[in-house]
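All remarks here apply to the structure that follows.
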Amino acid sequence: MNWRAVGCGTLALAAFLLIGAWGILRATGPANCPGALPYEPASYAPVGAVTDGPRLDGVDADLEPAGRVGFGLTSWEVWVEPGMVPAASAEPLPQRIVLECGEGFQAYQRGT
């Protein structure tokens, strides 16, 4: 058995695994709520503070889940006003949405 080949192979495997793990960590976003959602033609900006449940100002009814939105390897559950759930995946999201983030729920409003 050639110990030099075994040592070089082990070193190459360790480097491959470390670089791969570093790349995956860089591709995943933070668990907390994003600072903005860059959609076209306008982006969504956070409104208000993080809450413990899906809420929008001026809406008394319970919000409805409308799927997930994601960037890179991170995704968040989207909540919208009742009756505003997009019928198809290509249909745009409403003016105001709520994301379920790691620390709670954050409301967002689309800019102009």
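Each reported figure results from applying straightforward, stated rules to the coordinates on display, with no laboratory input. As the structure is a computational prediction, the values presented were derived from the model and not from experiment. Neighbour counts are summed over all protein chains in view; Cβ atoms, including those assigned to glycine, are modelled from backbone coordinates with ideal geometry.
Miscellaneous remarks
- Rounded tilt (10° steps) of 3-27 against the dominant C-alpha axis of the chain: 10
- Taking the average, over residues, of other Cβ atoms within 10 Å as the packing measure, peptides 95-101, 55-61 rank 95-101, 55-61 from highest down.
- Rounded FRET efficiency, nearest 0.05, which uses the C-beta distance separating Arg26 from Val47 and R0 of 30 Å: 0.55
- Each residue, Ile19 and Glu91, gets one label point 7 Å from its Cα in the Cβ direction; the gap between the two is 4.6 nm.
- Stokes-Einstein, applied to the Kirkwood radius of the chain over Cα pairs at a viscosity of 1.002 mPa s and 20 °C, places its translational diffusion at 130 µm² s⁻¹.
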